[in-house]
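Only one structure is covered here, and it is reproduced in the block below.
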Amino acid sequence: MSKTNRNLNFDVTCTTPAGVVKVTPYFKLLDVLISRNCKASQLPDLFIVCDKIRAGVQIEGDDSTKINMKGYTFKKV
């Protein structure tokens, strides 16, 4: 994926486990998630999650995925 792709040009609201709400550009969120989930076995789950964010669906991080996002909530702005 290219960072210049128009499909990546939107913001995502991220609520942390502590309840802090941050608004982050989608491409920056991808960079952070990839850096926190660098094992090859985690990447398929990571991109499933990112596709849901791209579709504008609120998603919850939990133990059902292998990626490191338990307690986080993401939603397209």
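Read-outs throughout are calculated quantities, based only on the coordinates presented, and are distinct from any laboratory measurement. None of these values were measured; they are calculated from a predicted model. All Cβ positions, even for glycine, are placed from backbone atoms using ideal geometry, and neighbour counts span all protein chains on display.
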The long-range amide H neighbours of Y72, using H built 1.01 Å from N in the peptide plane and a cut-off of under 5 Å, are G61
If the chain between R36 and N68 were fully extended at 0.36 nm per residue, the gain over the current Cα-Cα distance would be 10.8 nm
Simple spin-label estimate for V21/K75, 7 Å along Cα→Cβ, in nm, reads 0.8 nm
